[in-house]
Structure formats: C-alpha cells, structure tokens
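The structure under discussion appears below in the form of structure tokens.
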Amino acid sequence: MKKYKPTSAGRRAGEIIDFSQLTKKEPERSLVLGFHRAQGRNNYGRITTRHKGGRVKALYRMVDFMYDKKNVSAVVEALEYDPNRSGFIALLRYVDGERRYVLAPQEMKTGSTVIVSEKAPIEIGCRTMLKNIPVGTFVYNIELKPGLGAQLVRSAGIGAQILAHEGDHTNIKLPSGEVRRVPSISWACIGMVSNPEHSFMTIGKAGRNRHLGIRPTVRGSVMNPRDHPHGGGEGRTQLGLRRPKTPWGKTAKGVKTRNKKKKSWKFILSRRTK
C-alpha cells in the first residue's frame, strides 16, 4: 500500500495500491473502446440501482474471458491497471502476433509464457480443464458451464480451491466458503487473481467515492414515512418494526433470497459461510 503526505484530512486517511509492479501506463489502442455507462438506469431511464453515477470517464479494455484461442502459446508483454475492475490485467502477445487482454494472476511477470490447452502445464496463468488440475490447486476464471467462458472467481485477490474429482464433476470451494460441483470439462486458470491489497485500500474522502461512481447513501431512519419503512417520528426514534425492511418493504438482514426452485440447487454441496 502507498500513503500520501498528509496535506489535508482526506490525504491523511487515504491509502492507495502501489502500482510499481505494473509495467505499462497507456492501454493498447486496438483493445480499447468508449462505452455508455448505464449508471443505475434501465432502458427507460429509470433508476433501478440506487447510489450509482457521476464517475470519471474511462475507456473499456476488451478483456478476453472466452479464452477461445487454444493450443497457441503467448508471452506476457505488460501488466496494466484496469479502471473497470479490481484486479490487474495482462497484455498477451501470441506467436501469430495477435494481442489480447486477460485477467492477470498473482506472481505473473512480464516475459513469462502461458497457454490455453487441455495439456497445459500446471503453472501460474495457464488454462486447462478442471479434470486435469490436481486437488488442492487454487484456480480463477472458472467456467460454470462448458463453453460459456469465465464466470466465477474474477475479483481482486481471490481464488477457488479444487477439493475433489467425482465422476463427471469437480468439487470446488469458492471464496465465499460455498462448495459447489462444476462439470469436470469446464476450463479454469491456474493461480489467484492479482492485486490482493485491494480490500485493504482506504478511500479517505467522499470525493474519491464520487470519482468511482458511488453516490451518497441516506439512512432510512432520517427519511419521511412515505419514503422508507424506517422513516417518521419525532426526533431520533426507534425502528418501530419487528425487523429491518428495505425501502420497498421486503425483510432485510439475515433473510435468504435465493430462489428455492432454482435448478442449480443440486450442484451446491455446502452453502456459503459469509
């Protein structure tokens, strides 16, 4: 982590990630594009997700989550910062000259070689089928179903652990603590996602949250009754309800929201612990 000189109250408290390990500041021009952020609105322009909007502009880096270039080795040209995600990204140059961005794992360095292959070595950054990965290995960018691309374990500093291979399925322990069965022919990358210090970052001041696109959150207890179930009363009052509720009247805190009729229930061996 990196600290600034305490020139103000916000600077005194704030901490940022040390980017000295990154090797390139400007993104690859052929792999970026501008895009319109929804900022919490749906196609009618109505707010469907509160407290979002007003962030600084950022180009979108086209990160390869499909990994459809198989059996072709690539060299890591650079490690870069991506403003659209918590982990770092790596610029790969394949032997045929094509360049692609991928999610960078921890301990990846420039000049190292990676490959996507069923016979890929069990090395950091390589990608292969789950059935070929030894028990106890940490993986990321996991396919939930074969051919859908990387969907699980993509945030900074996390990894899932291979627990067992049973028939056509592999049991993996996700970062949340959930133990889940995934088809053994699904693909995954070896290692853990880069930037493990992301969770220790201190924002320091309100303006920095606004730069990230996070708008202020107002407590329900200081609203009017028409605006929130917790609102109303003279002065600072108690909740006045049996249990906490959302602004839309649904029970909050400690309530399981997963659909009990979901077909994927049979693949969950143990529910998450946090």
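Working from label points 7 Å from Cα in the Cα-to-Cβ sense, the residue 68 to residue 93 distance is 2.5 nm. Straight-distance candidates among the lysines for linking to residue 2, with alpha-carbon spacing under 26 Å and chain neighbours fewer than 8 residues away dropped: 24, 25, 57, 109, 205.
Between residue 151 and residue 238, the FRET efficiency from the beta-carbon distance, with R0 = 51 Å, is close to 0.75.
Each of the peptides 29-40, 192-203 was scored by the mean count of other Cβ atoms within 10 Å over its residues; in descending order, highest first, they stand as 192-203, 29-40.
Quick check: from the Cα gyration tensor, does segment 218-274 come out rounded (a/c under 1.5), prolate or oblate? Could you put the intermediate results ahead of the total?
Details: a/c = 4.15, a/b = 3.00, b/c = 1.38.
It is prolate, given that a/c is not under 1.5 and a/b is the larger ratio.
Using the Cα coordinates of the chain, the gyration tensor eigenvalues translate into equivalent-ellipsoid semi-axes of 38, 27, 18 Å, sorted from longest to shortest.
Would you calculate a helix-derived [θ] at 222 nm for the chain, using -39,500 (n - 2.57) for each DSSP H run of n ≥ 4 and dividing by the full residue count, to the nearest 500? It would help to have the intermediate numbers written out before the result.
Details: 2 runs with 11 residues, N = 274.
Mean residue ellipticity at 222 nm (helix-derived): -1000 deg cm²/dmol.
Ranked from highest to lowest mean number of other Cβ atoms within 10 Å per residue, what is the order of the peptides 230-239, 170-179? The partial results should precede the final answer.
Details: 230-239: 11.2, 170-179: 18.3.
So the peptides 230-239, 170-179, ranked by packing, come out 170-179, 230-239.
With contacts taken as Cα pairs under 8 Å and at least 6 residues apart, segment 218-274 reaches a relative contact order of 20 percent. Working from Cα pairs under 8 Å separated by at least six residues, relative contact order for segment 188-252 is 18 percent. Please enumerate, by chain and number, the lysines with C-alpha under 26 Å from the C-alpha of residue 173, excluding those fewer than 8 residues away in the same chain. Residue 173 reaches 119, 131, 145, 253, 256, 260, 261, 262, 263, 266, 274. Charge tally for residue 37 (other residues, Cβ to Cβ under 12 Å; Lys, Arg +1; Asp, Glu -1): +4. Whole Å is fine, so just give me how far the alpha carbon centre of segment 12-80 lies from that of segment 144-180. Centre-to-centre (Cα) distance: 23 Å.
Only the coordinates and a few stated rules stand behind these numbers; no lab work does. These numbers come from a predicted model, not from an experiment. FYI the Cβ positions are ideal-geometry reconstructions off the backbone, even for glycines, and counts take in every protein chain you see.
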